[in-house]
Amino acid sequence: MAKLDKRRKGVFGPPMGKKYLIFIDDVNMPALEQFGAQPPVELLRQFMDHKKWYDLKDTSGIKLVDIQVITAMGPPGGGRNAVTSRFLRHFNIFSINSFSDETMVRIFSIMVAFYLKNNEFPPEYFTIGSQTVTATMDVYKQAMENLLPTPAKSHYTFNLRDFSRVIQGCLLVKSKSLENKRTMIRLFVHEVFRVFYDRLVDDKDRAWFYQLMTKILKDHFNEAFNMVFDHLKQGSK
């Protein structure tokens, strides 16, 4: 209300000549109550139907004008619920398809190859670069499939930005910093843990992710996790 101007008694809106856009993300995340309704969504529907809120002090009506609502939601499942048609009827609905695996691998492989070539990396690192992209794809898909958002873990939402952050982090390395190919593999693991692992909130998920990374290193780099990080063992030089 502090951002709205009073037009006349009981009517509020943005400054004259302007409109407010309200963006609501994950609109289908509220948990269902006993009878299947989602109270936050029903409050929004009430506003969309009647353009009105109610003052909590005296329950007088507050009419809001020149306001448009934009929302975003993912497909139902994993803590996301289907919202009612009574709410959806107020919106024009746009659906965006995900990139195919082949498209994503091609896009990021070109980015990695371009960086390695322009920074004069030795030829043997080009293979590690392409393996990094396919390994990141595997981690991304496994996280999307197994680390589903719930009301207690609503931040378990992974998208193309997370994929990009891993690759961009790996491309911060300079050729003079490389000791051997394991340096790039360690950097890849570090970036994956930074982007994905650091968002996990319980030990079961963390243990699952550690086992996943052990398998990823074996499948994509033909390396054992313990050997790649052997230098971190206590007493090692």
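The values are calculated or read from the model by the stated rules, or taken from the named source; none is laboratory data. Computed from a prediction, not measured in an experiment: that's the story for all the values here. Quick reminder, even Gly has a Cβ in these numbers, built from the backbone with ideal geometry, and neighbours come from all protein chains shown.
Data overview
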| quantity | calculated |
| --- | --- |
| Residues (of a type in the set (A, V, I, L, M, F, W, C) and either without any contact (Cβ under 8 Å) to a residue 40 or more places away in the chain or in a loop (DSSP other than H, G, I, E, B) (or both)) located in the range 160-178 | Val166, Leu171, Leu172, Val173, Leu178 |
| Cross-chain or 6+ apart pairs with Cβ under 8 Å, the range 3-20 first and within 14 Å of Lys52 (Cα to Cα) and in contact (Cβ under 8 Å) with a residue 12 or more places away in the chain, then surrounded by 15 or more Cβ atoms within 10 Å (Cβ to Cβ) and of a type in the set (Lys, Arg) | Gly10/Lys63; Val11/Lys63; Phe12/Lys63; Gly13/Arg7 |
| Residue list for the range 189-237, restricted to those being over 19 Å from Lys141 (Cα atoms), within 23 Å of the chain's Cα centre (by Cα) and part of a helix (DSSP H, G or I) | Asp203 |
| Hey, Glu102 among the acidic types (Asp, Glu) and in contact with a helix residue (DSSP H, G or I) (Cβ under 8 Å, 6 or more places away or on another chain) or not | no |
| Candidate set: the range 1-43, residues that are in a helix (DSSP H, G or I) and among the hydrophobic types (A, V, I, L, M, F, W, C); chosen: the one surrounded by the most Cβ atoms within 10 Å (Cβ to Cβ) | Val41 |
| Residue match in the range 44-62 (condition: touching a residue at least 60 places away in the same chain (Cβ under 8 Å) and outside any strand (DSSP E or B)) | no |
| Considering residues of the range 21-41 that are touching a residue at least 24 places away in the same chain (Cβ under 8 Å) and among the acidic types (Asp, Glu) only, the residue nearest to Arg80 (Cα to Cα) | Asp26 |
| Verdict on Thr157 being surrounded by 19 or more Cβ atoms within 10 Å (Cβ to Cβ) and part of a helix (DSSP H, G or I) | no |
| Residue count for the range 112-126, restricted to those that are in contact with a Ser or Thr (Cβ under 9 Å, 6 or more places away or on another chain), in a helix (DSSP H, G or I) and either among the β-branched types (Val, Ile, Thr) or in contact (Cβ under 8 Å) with a residue 24 or more places away in the chain (or both) | 2 |
| Residue match in the range 179-188 (condition: within 23 Å of Phe108 (Cβ to Cβ) and either within 23 Å of the chain's Cα centre (by Cα) or not assigned by TED's automatic domain parsing to the domain that holds Thr134 (or both)) | yes |
| Residue within the range 126-144 that is more than 30 Å from Val201 (Cβ to Cβ), out of contact with any Pro (no Cβ under 8 Å at 6 or more places or on another chain) and among the hydroxyl-bearing types (Ser, Thr, Tyr) present | yes |
| Answer residue from the range 135-154, given it is over 19 Å from Ala31 (Cβ atoms) and aliphatic (A, V, I, L, M) and is surrounded by the fewest Cβ atoms within 10 Å (Cβ to Cβ) among those | Met144 |
| Residue satisfying all of: in the range 144-185; of a type in the set (A, V, I, L, M) and within 29 Å of Leu32 (Cα to Cα); modelled with the lowest pLDDT among these | Ala152 |
| Residues that are among the hydrophobic types (A, V, I, L, M, F, W, C) and within 15 Å of Pro40 (Cα to Cα), drawn from the range 71-94 | Ala72, Met73, Ala82, Val83, Phe87, Leu88 |
| Scan of the range 46-55 for residues that are within 35 Å of the chain's Cα centre (by Cα) and either at pLDDT below 90 or exposed (fewer than 12 other Cβ atoms within 10 Å of the Cβ) (or both), ordered by number | His50, Lys51, Lys52, Trp53, Tyr54 |
| Phe163 among the aromatic types (Phe, Trp, Tyr), within 21 Å of Ile107 (Cβ to Cβ) and surrounded by 17 or more Cβ atoms within 10 Å (Cβ to Cβ) | yes |
